Amino acid sequence: MGPLQIKELLQQTPDAQSVTLKGWVRTKRESKNAIFIAVNDGSTIHNIQAVAAPGQFSAELLLSVTTGSCLKITGQLVASQGSGQVVEVKIDDLFVYGTADPDSYPLQPKRHSLEFLREIAHLRPRTNTFSAILRIRHALAFAVHKYYNDRGFFYLHTPIITASDAEGAGEMFRVTTLDLDKLPRTDEGAINFKEDFFGREANLTVSGQLEGELGAMALSKIYTFGPTFRAENSNTTRHLAEFWMIEPEMAFFELEDNMDLAEDFIKTVISYALENCKDDLAFLENRLAEEDKNKPQNERSIPLLEKLNFVVENAFERLTYTEAIDILLKSKPHKEKKFQYPVGWGIDLSSEHERYLVEKHFKKPVILTNYPREIKSFYMKLDDDGKTVRAMDVLFPGIGEIIGGSQREDNYEKLLERVHEVGIDPETIWWYLETRKFGTAPHSGFGLGFERLVLFVTGMGNIRDVIPFPRYPKSAEF
Ligand code: 4AD
Ligand code: MG
């Protein structure tokens, strides 16, 4: 169906067979003896070279073949005379689907800054860098589904619109059909949400976990993979207002099993990308090496493939929060007062602390467990000491937290106590609480931020560059 992709054409043995190719012009170059047009259709990082003879086409037609224009070419697939490609297309017929005026088409064949490309997110998939990222993103998404399918997990579709705050952090986008200019009021003067679409307050989900747990209490092993929304005002290179999260949830898994799964999962999907995205990863590795040339030696990064292979081949370091605090208290930056935020048992680790542990101290991915209950969500299982919970965060070099998860509190009384403690109205999650009344069981799960994974695998520096159309404060263009 449809024309052959350029990726497929490039793999054929040239025998002057007739071929049709369709795609967008990357460059056009004219020499005395020939006109060379490099065409790309996004199926691969590589262009195919199409060659015409001087005088074969009218000057007018050739003038409309510019960077960004879209062509249909029929011709013969032949062995290439030039270096740099094995095959090329000797053009018989050339048709221009759409021109791209060089005076206004913003993507010219030169290096554009990532900031500039973010302003033209409708066109940036046509660059080598972004097409490579999008293909890798696709491969990782496929690998995620394959991973869970291969291991007997069921893909559960959890709701996007909810009336509960799964993380209890309150950073939610409201969903309403009320007329903001004429808000209905109760007798007390509050907004009357009974008149809203759902007859109550509703929001975009921050996590599918609570519903995921309901699934695990019936199907044993489920996972979600969907968009999640957070209205946190974080203008960082690691936060998006709309991001995709993968949340496996497993009955009969304790914290240890949960850690084993998280580690194996990340390693397996990265291996899949290493195996199936070789050309794109090689391109991105080179791109990083080019960027690094301008930096002093000690600021240069490890080559991308070396970094990915290292993660796949080495065990993650596992330690408790309490042990991590001890390491931080004994660290040089703490003693020399170089940390911006103070260190002490009970603090929520800030990214400088996490980065010290991962990048300076252990120099590998780290899984931190058993955090103080006060800084973690209400649903995490209380440890026997009553002070810590069975939480686990997976921290990655250059990324920080890539996974957050825990064993869940499966005891009804203890869970209810926590719900009250953090000020959640039990009425809004009565259905969640009932799972602890009817056939409760030990269970665990975690959430992997998909964009943080793509960020790590592509070696990019900003999360806004690994999702096609990023959403962040003051930005919802495209
Ligand atoms: O640690 P978080 O908040 O955990 C949860 O939402 C749990 N319900 C997960 C679970 O146990 N099922 O988020 C999980 C992960 C983080 O580790 C991070 O990778 C990513 O989601 N994440 C974000 N990614 C991009 N932008 C944001 N604003 C993110 N917030 C969290
Ligand atoms: Mg977290």
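The values are calculated or read from the model by the stated rules, or taken from the named source; none is laboratory data. A quick note: this is a predicted structure, and the numbers were derived from the prediction, not measured. Reconstructed Cβ throughout: ideal geometry from the backbone, glycine too, with neighbour counts over all protein chains shown. Side chains included, ligands, DNA and RNA excluded: accessible areas come from the protein's heavy atoms. Shrake-Rupley method; radii C 1.70, N 1.55, O 1.52, S 1.80 Å.
Across the stretch 195-206, a minimum of one residue is classified as within 12 Å of ligand 1 (Cβ to nearest atom) and either modelled with pLDDT of 95 or more or over 30 Å from P442 (Cα atoms) (or both). Selection over the stretch 304-322 of residues that are more than 18 Å from E263 (Cα to Cα) and open to solvent by 90 Å² or more (accessible area, probe 1.4 Å) gives a count of 1. Just checking, does the stretch 161-169 include any residue being at pLDDT 95 or above and open to solvent by 30 Å² or more (accessible area, probe 1.4 Å)? Yes, there is a match, as at least one residue in the stretch 161-169 is at pLDDT 95 or above and open to solvent by 30 Å² or more (accessible area, probe 1.4 Å).
Residues are listed down the side, and each one gets a yes or a no for (1) aromatic (F, W, Y); (2) touching a residue at least 24 places away in the same chain (Cβ under 8 Å); (3) part of a helix (DSSP H, G or I):
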site	(1), (2), (3)
S377	no, yes, no
D384	no, no, no
G405	no, yes, no
D410	no, yes, no
E413	no, no, yes
R418	no, yes, yes
E427	no, no, yes
W431	yes, yes, yes
F438	yes, no, no
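Taking the numbered list (1) within 16 Å of ligand 2 (Cβ to nearest atom); (2) not in a helix (DSSP H, G or I) in turn, L453 passes all entries but (2). Of all the numbered requirements in (1) within 30 Å of T27 (Cα to Cα); (2) not assigned by TED's automatic domain parsing to the domain that holds R452, A132 misses one, and that requirement is (2).
Mind listing whichever residues of the stretch 401-422 are within 16 Å of ligand 1 (Cβ to nearest atom) and open to solvent by 10 Å² or more (accessible area, probe 1.4 Å)? Once the filter is applied, which keeps residues that are within 16 Å of ligand 1 (Cβ to nearest atom) and open to solvent by 10 Å² or more (accessible area, probe 1.4 Å), the stretch 401-422 yields E401, G404, D410, R418, V422. Elements of the type strands (runs of 3 or more DSSP E) sitting completely within the stretch 192-296 and holding at least 3 residues that are farther than 23 Å from E306 by Cα and either touching a helix residue (DSSP H, G or I) at 6+ places or on another chain (Cβ under 9 Å) or open to solvent by 60 Å² or more (accessible area, probe 1.4 Å) (or both): these cover 221-229, 242-251.
Restricting attention to the stretch 350-365, does a residue exist that is closer than 20 Å to Q407 by Cα, open to solvent by less than 70 Å² (accessible area, probe 1.4 Å) and either in contact with a Ser or Thr (Cβ under 7 Å, 6 or more places away or on another chain) or of a type outside the set (D, E) (or both)? So far as the stretch 350-365 goes, no, none of its residues is closer than 20 Å to Q407 by Cα, open to solvent by less than 70 Å² (accessible area, probe 1.4 Å) and either in contact with a Ser or Thr (Cβ under 7 Å, 6 or more places away or on another chain) or of a type outside the set (D, E) (or both).
Name the pairs whose Cβ atoms lie under 9 Å apart, with the first residue in the stretch 467-478 and under 20 Å from R135 (Cα atoms) and open to solvent by less than 80 Å² (accessible area, probe 1.4 Å), the second among the charged types (D, E, K, R) and part of a loop (DSSP other than H, G, I, E, B), and 6 or more positions between them or separate chains? Within 9 Å, no pair qualifies.
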